[in-house]
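Here is the structure we will look at.
The values are calculated or read from the model by the stated rules, or taken from the named source; none is laboratory data. Source: prediction; values computed, not measured. In this analysis, Cβ positions are derived from the backbone assuming ideal geometry, glycine residues included, and neighbour counts consider all displayed protein chains.
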Amino acid sequence: MIPADVLQFVLRLSGAEGVLLSTAVFRELKREIDVLTGAKVLHHVANLLLTGRARICAQVSRGKEIGHYKGITVGVEVKGVTTFDYVVKSNKEKCDNDVTQIIISKFIDIYPRVPLIIFDALFWELHSDEEKKDAIQQFLFAVKTIRKYLTDLNIVVLSPSSELIDLINSFRNRINVITPASSITLPNKGVILDPYSNESLTIEEVLQADAIVVGLLVDSRFPRPYATYAMSLIRRLPYIRKAIVYKGSIVGVPKEINKIIEILLKVRFEGMSLDNAVKDTMGVDNKIYRVVYEVSKLCGKGKTVDKETIVSIMEELSLDKKYFNRVISRIKALNCWRESVEL
(Lines give C-alpha, C1' and ligand atoms only; values in the text may rest on other atoms or scores of the structure.)
Protein backbone atom coordinates (compact mmCIF):
# COMPACT_ATOMS: atom_id res chain seq x y z
CA MET A 1 0.00 0.00 0.00
CA ILE A 2 2.78 2.47 -0.91
CA PRO A 3 0.42 5.16 -2.36
CA ALA A 4 -1.73 5.09 0.79
CA ASP A 5 1.35 5.37 3.01
CA VAL A 6 2.65 8.39 1.10
CA LEU A 7 -0.72 10.18 0.97
CA GLN A 8 -1.37 9.72 4.68
CA PHE A 9 2.11 11.08 5.40
CA VAL A 10 1.52 14.13 3.18
CA LEU A 11 -1.87 14.78 4.80
CA ARG A 12 -0.43 14.57 8.29
CA LEU A 13 2.49 16.77 7.21
CA SER A 14 -0.12 19.30 6.11
CA GLY A 15 -1.75 19.19 9.52
CA ALA A 16 -4.73 17.05 8.56
CA GLU A 17 -6.16 14.31 10.72
CA GLY A 18 -8.93 13.31 8.38
CA VAL A 19 -10.19 13.52 4.80
CA LEU A 20 -13.82 13.55 3.70
CA LEU A 21 -15.09 12.16 0.40
CA SER A 22 -17.86 14.03 -1.37
CA THR A 23 -20.91 12.00 -2.35
CA ALA A 24 -19.84 12.03 -6.01
CA VAL A 25 -16.32 10.79 -5.23
CA PHE A 26 -17.62 8.15 -2.82
CA ARG A 27 -20.03 6.88 -5.47
CA GLU A 28 -17.18 6.42 -7.97
CA LEU A 29 -15.00 4.85 -5.33
CA LYS A 30 -17.60 2.18 -4.56
CA ARG A 31 -17.59 1.18 -8.22
CA GLU A 32 -13.81 0.75 -8.18
CA ILE A 33 -13.12 -0.84 -4.79
CA ASP A 34 -14.54 -4.15 -3.62
CA VAL A 35 -13.82 -3.73 0.11
CA LEU A 36 -13.67 -0.24 1.61
CA THR A 37 -10.70 0.02 3.94
CA GLY A 38 -8.86 3.16 4.96
CA ALA A 39 -5.75 2.07 3.03
CA LYS A 40 -7.64 1.27 -0.17
CA VAL A 41 -9.58 4.52 -0.02
CA LEU A 42 -6.41 6.61 0.35
CA HIS A 43 -4.74 4.67 -2.46
CA HIS A 44 -7.70 5.36 -4.73
CA VAL A 45 -7.79 9.02 -3.72
CA ALA A 46 -4.09 9.31 -4.59
CA ASN A 47 -4.81 7.94 -8.07
CA LEU A 48 -7.76 10.31 -8.50
CA LEU A 49 -5.65 13.33 -7.58
CA LEU A 50 -2.69 12.32 -9.73
CA THR A 51 -4.83 11.66 -12.79
CA GLY A 52 -6.82 14.85 -12.48
CA ARG A 53 -10.13 13.21 -11.71
CA ALA A 54 -10.55 14.89 -8.33
CA ARG A 55 -9.39 17.86 -6.26
CA ILE A 56 -8.68 18.22 -2.58
CA CYS A 57 -10.06 21.23 -0.75
CA ALA A 58 -8.90 22.60 2.60
CA GLN A 59 -12.24 23.23 4.25
CA VAL A 60 -13.67 22.02 7.52
CA SER A 61 -16.69 19.75 6.99
CA ARG A 62 -18.66 17.15 8.87
CA GLY A 63 -19.40 13.59 7.87
CA LYS A 64 -19.47 9.94 8.84
CA GLU A 65 -16.33 7.89 9.46
CA ILE A 66 -15.85 4.88 7.17
CA GLY A 67 -12.24 3.95 7.88
CA HIS A 68 -8.84 4.76 9.35
CA TYR A 69 -5.27 4.39 8.17
CA LYS A 70 -2.16 5.31 10.14
CA GLY A 71 -3.62 8.33 11.90
CA ILE A 72 -5.85 9.54 9.06
CA THR A 73 -9.62 9.19 9.41
CA VAL A 74 -11.55 8.69 6.18
CA GLY A 75 -15.17 9.79 5.98
CA VAL A 76 -18.07 10.25 3.60
CA GLU A 77 -20.20 13.36 3.09
CA VAL A 78 -23.40 12.47 4.92
CA LYS A 79 -24.94 13.68 8.16
CA GLY A 80 -22.41 13.00 10.86
CA VAL A 81 -20.62 14.42 13.84
CA THR A 82 -16.99 13.89 12.84
CA THR A 83 -15.06 16.95 11.70
CA PHE A 84 -12.69 16.67 8.72
CA ASP A 85 -9.96 19.08 7.62
CA TYR A 86 -9.96 18.23 3.94
CA VAL A 87 -12.62 17.29 1.39
CA VAL A 88 -11.97 15.33 -1.82
CA LYS A 89 -14.31 16.53 -4.58
CA SER A 90 -14.90 15.75 -8.23
CA ASN A 91 -13.78 18.33 -10.78
CA LYS A 92 -17.38 19.38 -11.33
CA GLU A 93 -17.89 20.35 -7.69
CA LYS A 94 -17.07 23.72 -6.19
CA CYS A 95 -13.77 23.82 -4.28
CA ASP A 96 -13.36 26.97 -2.18
CA ASN A 97 -9.77 26.42 -1.06
CA ASP A 98 -8.11 24.17 -3.64
CA VAL A 99 -4.83 22.72 -2.34
CA THR A 100 -4.58 19.92 -4.91
CA GLN A 101 -1.31 21.06 -6.48
CA ILE A 102 0.32 21.50 -3.07
CA ILE A 103 -0.66 17.98 -2.01
CA ILE A 104 0.35 16.47 -5.37
CA SER A 105 3.71 18.26 -5.34
CA LYS A 106 4.52 16.91 -1.88
CA PHE A 107 3.28 13.45 -2.89
CA ILE A 108 5.54 13.34 -5.97
CA ASP A 109 8.55 14.54 -3.98
CA ILE A 110 8.17 11.70 -1.47
CA TYR A 111 6.77 8.89 -3.61
CA PRO A 112 9.30 6.13 -4.46
CA ARG A 113 8.95 5.28 -8.15
CA VAL A 114 9.92 1.67 -7.52
CA PRO A 115 9.39 -0.59 -9.28
CA LEU A 116 9.58 1.56 -12.39
CA ILE A 117 7.63 -0.20 -15.13
CA ILE A 118 9.05 0.74 -18.51
CA PHE A 119 7.07 0.11 -21.68
CA ASP A 120 9.51 0.33 -24.57
CA ALA A 121 7.80 1.44 -27.79
CA LEU A 122 10.95 1.43 -29.93
CA PHE A 123 9.41 -0.92 -32.52
CA TRP A 124 5.85 0.44 -32.45
CA GLU A 125 5.87 1.12 -36.20
CA LEU A 126 6.47 -2.56 -36.94
CA HIS A 127 2.86 -3.26 -36.00
CA SER A 128 0.00 -3.52 -38.44
CA ASP A 129 -3.04 -1.35 -37.72
CA GLU A 130 -4.82 -4.29 -36.07
CA GLU A 131 -1.78 -5.06 -33.94
CA LYS A 132 -1.60 -1.43 -32.85
CA LYS A 133 -5.19 -1.68 -31.62
CA ASP A 134 -4.30 -4.82 -29.68
CA ALA A 135 -1.17 -3.23 -28.23
CA ILE A 136 -2.87 -0.02 -27.04
CA GLN A 137 -5.71 -2.03 -25.52
CA GLN A 138 -3.26 -4.26 -23.64
CA PHE A 139 -1.33 -1.19 -22.51
CA LEU A 140 -4.47 0.45 -21.10
CA PHE A 141 -5.41 -2.75 -19.25
CA ALA A 142 -1.84 -2.85 -17.90
CA VAL A 143 -2.19 0.73 -16.60
CA LYS A 144 -5.42 -0.25 -14.86
CA THR A 145 -3.68 -3.23 -13.27
CA ILE A 146 -0.71 -1.13 -12.14
CA ARG A 147 -3.06 1.34 -10.46
CA LYS A 148 -4.37 -1.43 -8.21
CA TYR A 149 -0.95 -1.64 -6.60
CA LEU A 150 0.90 1.57 -7.51
CA THR A 151 0.26 4.80 -9.44
CA ASP A 152 0.98 6.24 -12.87
CA LEU A 153 4.21 7.62 -11.39
CA ASN A 154 5.55 4.07 -11.72
CA ILE A 155 4.91 4.04 -15.48
CA VAL A 156 7.19 5.20 -18.29
CA VAL A 157 6.74 4.84 -22.05
CA LEU A 158 10.01 5.02 -23.96
CA SER A 159 10.36 6.26 -27.56
CA PRO A 160 6.66 6.74 -28.29
CA SER A 161 5.88 7.78 -31.84
CA SER A 162 3.67 10.83 -32.38
CA GLU A 163 0.86 8.41 -33.25
CA LEU A 164 1.26 6.53 -29.96
CA ILE A 165 1.42 9.80 -27.99
CA ASP A 166 -1.84 10.92 -29.60
CA LEU A 167 -3.44 7.56 -28.85
CA ILE A 168 -2.43 7.66 -25.18
CA ASN A 169 -3.44 11.29 -24.79
CA SER A 170 -6.83 10.59 -26.33
CA PHE A 171 -7.73 8.62 -23.20
CA ARG A 172 -8.44 10.43 -19.98
CA ASN A 173 -6.55 10.04 -16.73
CA ARG A 174 -3.00 9.47 -17.99
CA ILE A 175 -0.03 11.22 -16.41
CA ASN A 176 3.75 10.89 -16.42
CA VAL A 177 3.80 8.00 -18.87
CA ILE A 178 5.45 9.84 -21.74
CA THR A 179 9.02 10.53 -20.66
CA PRO A 180 12.05 11.44 -22.83
CA ALA A 181 14.64 8.68 -22.65
CA SER A 182 17.35 11.25 -21.87
CA SER A 183 15.54 12.32 -18.69
CA ILE A 184 15.37 8.84 -17.17
CA THR A 185 17.92 7.55 -14.72
CA LEU A 186 17.74 3.78 -14.88
CA PRO A 187 17.85 1.94 -11.54
CA ASN A 188 20.73 -0.45 -10.96
CA LYS A 189 18.58 -3.55 -10.59
CA GLY A 190 16.22 -4.44 -13.37
CA VAL A 191 14.94 -7.12 -15.70
CA ILE A 192 13.79 -7.23 -19.32
CA LEU A 193 10.86 -9.54 -20.00
CA ASP A 194 11.39 -11.60 -23.13
CA PRO A 195 9.46 -14.83 -23.77
CA TYR A 196 12.18 -15.96 -26.16
CA SER A 197 15.00 -15.71 -23.62
CA ASN A 198 16.77 -18.93 -22.64
CA GLU A 199 16.91 -17.81 -19.00
CA SER A 200 13.92 -18.13 -16.67
CA LEU A 201 12.77 -15.33 -14.41
CA THR A 202 13.10 -16.08 -10.69
CA ILE A 203 10.91 -14.90 -7.84
CA GLU A 204 13.93 -13.18 -6.28
CA GLU A 205 14.41 -11.11 -9.42
CA VAL A 206 10.78 -10.03 -9.37
CA LEU A 207 10.98 -8.99 -5.73
CA GLN A 208 14.31 -7.17 -6.08
CA ALA A 209 13.88 -5.46 -9.46
CA ASP A 210 13.75 -1.66 -9.32
CA ALA A 211 12.95 -1.55 -13.03
CA ILE A 212 10.83 -3.88 -15.16
CA VAL A 213 11.14 -3.46 -18.93
CA VAL A 214 8.37 -4.75 -21.19
CA GLY A 215 8.37 -4.24 -24.93
CA LEU A 216 5.21 -2.53 -26.15
CA LEU A 217 4.96 -5.33 -28.68
CA VAL A 218 2.38 -7.83 -29.77
CA ASP A 219 3.15 -10.71 -32.11
CA SER A 220 -0.14 -12.57 -32.24
CA ARG A 221 -0.40 -12.04 -36.01
CA PHE A 222 3.25 -11.76 -37.04
CA PRO A 223 5.79 -13.50 -34.76
CA ARG A 224 8.82 -11.37 -33.90
CA PRO A 225 11.06 -13.68 -31.85
CA TYR A 226 14.10 -11.38 -31.87
CA ALA A 227 12.40 -8.00 -31.36
CA THR A 228 13.02 -7.74 -27.60
CA TYR A 229 16.59 -8.94 -28.04
CA ALA A 230 17.19 -6.30 -30.72
CA MET A 231 15.59 -3.67 -28.49
CA SER A 232 17.92 -4.55 -25.61
CA LEU A 233 20.96 -4.29 -27.91
CA ILE A 234 19.93 -0.91 -29.29
CA ARG A 235 19.10 0.45 -25.83
CA ARG A 236 22.21 -1.08 -24.24
CA LEU A 237 20.17 -1.65 -21.13
CA PRO A 238 22.17 -3.06 -18.20
CA TYR A 239 19.60 -5.76 -17.54
CA ILE A 240 19.36 -9.46 -18.35
CA ARG A 241 16.51 -10.72 -20.53
CA LYS A 242 14.35 -13.24 -18.71
CA ALA A 243 11.34 -15.36 -19.68
CA ILE A 244 8.36 -16.02 -17.45
CA VAL A 245 7.83 -19.77 -17.32
CA TYR A 246 5.28 -22.10 -15.76
CA LYS A 247 6.91 -25.18 -14.28
CA GLY A 248 9.91 -24.85 -16.54
CA SER A 249 8.21 -23.98 -19.83
CA ILE A 250 6.74 -20.89 -21.53
CA VAL A 251 3.94 -23.01 -23.02
CA GLY A 252 0.60 -21.62 -21.85
CA VAL A 253 2.12 -18.55 -20.21
CA PRO A 254 0.01 -15.54 -21.28
CA LYS A 255 1.71 -13.24 -23.79
CA GLU A 256 -0.56 -10.23 -23.37
CA ILE A 257 1.26 -7.18 -22.00
CA ASN A 258 -1.33 -6.57 -19.27
CA LYS A 259 -1.21 -10.19 -18.10
CA ILE A 260 2.58 -10.13 -17.92
CA ILE A 261 2.33 -7.08 -15.67
CA GLU A 262 -0.40 -8.74 -13.60
CA ILE A 263 1.78 -11.81 -13.03
CA LEU A 264 4.70 -9.73 -11.79
CA LEU A 265 2.60 -7.54 -9.48
CA LYS A 266 0.79 -10.54 -7.97
CA VAL A 267 4.18 -11.99 -7.09
CA ARG A 268 5.57 -8.74 -5.76
CA PHE A 269 2.60 -7.43 -3.80
CA GLU A 270 0.42 -10.46 -3.04
CA GLY A 271 3.17 -12.92 -2.17
CA MET A 272 2.24 -15.44 -4.87
CA SER A 273 4.73 -17.85 -6.34
CA LEU A 274 5.50 -17.33 -10.02
CA ASP A 275 3.75 -20.59 -10.95
CA ASN A 276 0.59 -19.66 -9.06
CA ALA A 277 0.57 -16.14 -10.46
CA VAL A 278 0.91 -17.50 -14.00
CA LYS A 279 -1.85 -20.06 -13.45
CA ASP A 280 -4.06 -17.35 -11.95
CA THR A 281 -3.76 -15.21 -15.08
CA MET A 282 -4.03 -18.00 -17.66
CA GLY A 283 -7.07 -17.91 -19.90
CA VAL A 284 -8.96 -20.99 -21.02
CA ASP A 285 -7.01 -21.24 -24.29
CA ASN A 286 -3.70 -20.93 -22.39
CA LYS A 287 -4.69 -23.79 -20.11
CA ILE A 288 -5.91 -26.03 -22.94
CA TYR A 289 -2.66 -25.38 -24.80
CA ARG A 290 -0.75 -26.37 -21.66
CA VAL A 291 -2.77 -29.56 -21.16
CA VAL A 292 -1.94 -30.63 -24.71
CA TYR A 293 1.72 -29.85 -24.03
CA GLU A 294 1.75 -31.96 -20.85
CA VAL A 295 0.08 -34.84 -22.68
CA SER A 296 2.63 -34.59 -25.50
CA LYS A 297 5.42 -34.88 -22.92
CA LEU A 298 3.86 -38.05 -21.54
CA CYS A 299 3.58 -39.42 -25.06
CA GLY A 300 7.24 -38.65 -25.65
CA LYS A 301 8.09 -40.76 -22.60
CA GLY A 302 6.15 -43.70 -24.04
CA LYS A 303 3.31 -43.44 -21.52
CA THR A 304 -0.34 -44.12 -22.27
CA VAL A 305 -2.79 -41.30 -21.62
CA ASP A 306 -6.45 -41.87 -20.76
CA LYS A 307 -9.30 -39.67 -19.61
CA GLU A 308 -8.33 -39.89 -15.96
CA THR A 309 -4.87 -38.54 -16.83
CA ILE A 310 -6.42 -35.65 -18.75
CA VAL A 311 -8.77 -34.79 -15.90
CA SER A 312 -5.87 -34.82 -13.45
CA ILE A 313 -3.86 -32.37 -15.55
CA MET A 314 -6.93 -30.16 -16.00
CA GLU A 315 -7.52 -30.10 -12.24
CA GLU A 316 -3.91 -29.13 -11.64
CA LEU A 317 -4.42 -26.15 -13.96
CA SER A 318 -7.85 -25.33 -12.44
CA LEU A 319 -9.43 -25.90 -15.85
CA ASP A 320 -13.15 -26.61 -15.61
CA LYS A 321 -14.29 -30.07 -16.77
CA LYS A 322 -16.72 -28.46 -19.22
CA TYR A 323 -13.70 -27.92 -21.49
CA PHE A 324 -12.86 -31.63 -21.51
CA ASN A 325 -14.18 -32.24 -25.05
CA ARG A 326 -12.18 -29.31 -26.40
CA VAL A 327 -9.05 -30.85 -24.90
CA ILE A 328 -9.85 -34.31 -26.24
CA SER A 329 -10.42 -32.98 -29.76
CA ARG A 330 -6.84 -31.76 -29.78
CA ILE A 331 -5.13 -34.87 -28.42
CA LYS A 332 -7.04 -37.75 -30.01
CA ALA A 333 -4.57 -37.85 -32.87
CA LEU A 334 -1.69 -38.55 -30.49
CA ASN A 335 -0.56 -42.18 -30.59
CA CYS A 336 -0.51 -42.46 -26.80
CA TRP A 337 -4.22 -41.66 -26.39
CA ARG A 338 -6.36 -44.52 -25.09
CA GLU A 339 -10.13 -44.47 -24.56
CA SER A 340 -11.23 -45.11 -21.00
CA VAL A 341 -14.37 -45.01 -18.90
CA GLU A 342 -16.76 -42.15 -19.58
CA LEU A 343 -16.79 -39.17 -17.25
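Structure summary
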item	result
Residue in the stretch 52-60 that is closer than 21 Å to Lys144 by Cα and either crowded, with 20+ Cβ neighbours inside 10 Å or hydrophobic (A, V, I, L, M, F, W, C) (or both) present	yes
Every residue from the stretch 292-306 that is more than 20 Å from Asn276 (Cα to Cα) and assigned to a helix (DSSP H, G or I)	Val295, Ser296, Lys297, Leu298, Cys299, Gly300
Single residue of the stretch 144-159 satisfying the filter (over 21 Å from Ile104 (Cα atoms) and out of contact with any strand residue (DSSP E or B) (no Cβ under 6 Å at 6 or more places or on another chain)) that is modelled with the lowest pLDDT	Ser159
Qualifying positions in the stretch 105-156 - of a type outside the set (A, V, I, L, M, F, W, C), closer than 19 Å to Phe269 by Cβ and in a helix (DSSP H, G or I)	Lys144, Thr145, Arg147, Lys148, Tyr149, Asp152, Asn154
Odd one out for Ser312, checked against (1) among the small types (Gly, Ala, Ser); (2) farther than 30 Å from Val213 by Cβ; (3) in contact (Cβ under 8 Å) with a residue 40 or more places away in the chain	(3)
Residues of the stretch 307-333 classified as surrounded by 14 or more Cβ atoms within 10 Å (Cβ to Cβ) and outside any helix (DSSP H, G or I), total	2
Residue that is nearest to Val74 (Cα to Cα), among those in the stretch 20-51 that are surrounded by 24 or more Cβ atoms within 10 Å (Cβ to Cβ) and touching a Gly at 6+ places or on another chain (Cβ under 8 Å)	Leu20
Strands (runs of 3 or more DSSP E) fully within the stretch 189-276 counting 1 or more residues that are loosely packed, with under 15 Cβ neighbours inside 10 Å	240-242
Restricting the stretch 72-83 to residues that are of a type outside the set (Ser, Thr, Tyr) and modelled with pLDDT of 95 or more, the residue that is surrounded by the fewest Cβ atoms within 10 Å (Cβ to Cβ)	Val76
Cross-chain or 6+ apart pairs with Cβ under 8 Å, the stretch 247-263 first and within 14 Å of Ser200 (Cβ to Cβ), then among the basic types (Lys, Arg) and surrounded by 23 or more Cβ atoms within 10 Å (Cβ to Cβ)	Val251/Arg290
Complete set of residues in the stretch 160-188 that are in a helix (DSSP H, G or I) and at pLDDT 70 or above	Ser162, Glu163, Leu164, Ile165, Asp166, Leu167, Ile168, Asn169
Strands (runs of 3 or more DSSP E) lying entirely in the stretch 1-86 (those with 2 or more residues that are closer than 26 Å to Leu265 by Cβ and among the β-branched types (Val, Ile, Thr))	72-76
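One line per residue, one yes/no per condition, for (1) of a type in the set (Val, Ile, Thr); (2) within 15 Å of Val245 (Cα to Cα); (3) in the same structural domain as Gly252 (by TED's automatic domain parsing):
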site: Ala277; (1), (2), (3): no, yes, yes
site: Val292; (1), (2), (3): yes, no, no
site: Leu298; (1), (2), (3): no, no, no
site: Glu308; (1), (2), (3): no, no, no
site: Ile313; (1), (2), (3): yes, no, no
site: Glu316; (1), (2), (3): no, no, no
site: Leu319; (1), (2), (3): no, no, no
site: Asn325; (1), (2), (3): no, no, no
